[in-house]
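Read through the structure below, which is laid out as structure tokens, and then see the notes.
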Amino acid sequence: MGLLSGTVFDRPPHCERCDLPETECRCEPEPEPPKVWKSPSKQTARIAVENRKHGRRVTVIRGLSAADTDLPELQTLLKNACGAGGKLDGDVIEIQGGQLERIRLELQSLGYRVRG
Ligand SMILES: [Zn+2]
């Protein structure tokens, strides 16, 4: 009697749901669980208007992390709210123009704490 007989090692991998060998399993792959983001009320956004080259002004949102917040979606939402372009640079969102008040209100309405 081999050392491994009767253990999982001499059984090919079986599906956990239908118990067929994985080669015969026809189960649908399980959908990815939706990502759970951190509650906005536990995050503080720091916003500031900064001057860029050629007299351009941008409103910069810092302090939010891509691990906690869907930053691409937030950026899209803020761009739409301001009717302005913008970009996402790492964890920093930039919206064109001096939009401090509008962005503050928008973030606060989403539940974020806002500084600046
Ligand atoms: Zn299966």
Nearest-ten-degree value, helix 100-110 long axis tilted from longest Cα axis of the chain: 30
Top of GLU101, GLU24, GLU32 by mean-square fluctuation, Gaussian network on the chain, Cα under 10 Å: GLU24
If you put +1 on each Lys and Arg Cβ and -1 on each Asp and Glu Cβ, how big is the dipole of the range 61-116 around its Cα centre, in Debye rounded to 20? 220
Could you give me the radius of gyration and the Dmax of the chain, taking only the C-alpha atoms into account and expressing both in angstrom? 24.4, 82
Pairing the Cα long axis of helix 71-82 with the longest principal axis of the chain, what angle in degrees results, from 0 to 90 and rounded to the nearest 10? 30
Proximal lysines relative to LYS35, as straight alpha-carbon distance under 27 Å, when same-chain residues fewer than 8 apart are discounted: LYS79, LYS87
Per-residue ellipticity at 222 nm attributable to helices in the chain (runs of n ≥ 4 DSSP H, -39500 (n - 2.57) apiece, nearest 500 deg cm²/dmol) works out to -6000 deg cm²/dmol
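Can you sort HIS14, HIS54 so the residue with the fewest Cβ neighbours within 10 Å comes first? Present the calculation step by step, with values, prior to reporting the outcome.
Numbers: HIS14 15, HIS54 5.
Fewest to most other Cβ atoms nearby, the residues stand as HIS54, HIS14.
FYI, it's all coordinate maths here, none of it is from the lab. Computed from a predicted model, the values in this text were never measured in an experiment. FYI the Cβ positions are ideal-geometry reconstructions off the backbone, even for glycines, and counts take in every protein chain you see.
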